[in-house]
Amino acid sequence: MKIRDVLNAKPSRALVSVAPGTGIRDVLNTLAAEKIGTVVVSPDGKAVAGILSERDIVRAMARTGAEVLNGTVDEFMTANVITCAPDEPLDGVLATMTDGRFRHMPVVEDGALIGLITLGDAVKARLDELAYESDAMKDMIMGH
Ligand code: AMP
């Protein structure tokens, strides 16, 4: 299975990004309103400048306290973002996410952001694939 298949299986392909310079209070409002745990930071909705997860905010608050709320997304985001392409196999992307201990993977095609895969999306797709393979194997053994 390819990452493109995982994206196509998602109920919604809407991707939430914020521009560099966005205030942390606005980011928190976006995370709460959209019921999500991360935003991609992008100047134009295409180029990936960074990624900010709720974990980055929690860690920054533990370090410096409520002052974080007066900062901007650029100060706390991860700038070195690992992305994947839509034609990459799911297995490899799942391994990259588990090895790197992060739960979000922006999907980039021709230099532009086209979606975001969560660890949950990837695990669900892999389980569906395994169930399909197991059913096909059983059918073969039973001679159906
Ligand atoms: P997460 O598990 O996705 O909430 O993120 C855990 C940590 O990894 C946070 O510091 C994120 O900024 C960072 N992170 C999340 N996704 C990525 C990614 N695709 N590439 C690099 N770092 C990431």
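A short reminder: the numbers here are calculations on the coordinates, not readings from a lab. Predicted model, so just to flag it, every value in this text is computed and none were measured. Reconstructed Cβ throughout: ideal geometry from the backbone, glycine too, with neighbour counts over all protein chains shown.
Sticking to Cα atoms, compute the Rg of region 1-67 to one decimal and its Dmax as the biggest Cα-Cα distance, whole number, in Å.
Radius of gyration, then largest Cα-Cα span, for region 1-67: 13.9, 44 Å.
Within the chain, how many lysine pairs that are 8 or more places apart, or on different chains, have C-alpha atoms less than 17 Å apart?
Taking the chain as the scope, the lysine pair count is 4.
Count neighbours as other Cβ atoms within 10 Å of each site's Cβ, and list the trypsin sites (Lys or Arg not before Pro) in region 6-64 that are DSSP loop with at most 15 such neighbours.
Within region 6-64, the qualifying trypsin sites (Lys or Arg not before Pro) (loop, at most 15 other Cβ atoms within 10 Å) are R13, K35, K46.
Express the relative contact order of the chain as a whole percentage, based on alpha carbon pairs under 8 Å and six or more residues apart in sequence.
Rounded, it is 26 percent for the chain.
Using just the C-alpha positions of the chain as equal point scatterers, what log10 of I(q)/I(0) does the Debye formula give at each q in 0.18 1/Å?
Listed by q, the Debye log ratios stand at -1.03.
How would you rank E129, E67, going from fewest to most other Cβ atoms within 10 Å of each one's own Cβ?
Placing the least packed residue first, the sequence is E67, E129.
At what distance in angstrom do the alpha carbon centres of region 58-115 and region 1-47 lie from each other?
Between the Cα centre of region 58-115 and that of region 1-47, the gap is 10 Å.
Just to be sure I understand: with springs between alpha-carbon atoms less than 10 Å apart, which residue in V123, V68, V58 has the highest mean-square fluctuation in the Gaussian network model of the chain?
In this elastic network of the chain, the residue with the biggest mean-square fluctuation among V123, V68, V58 is V58.
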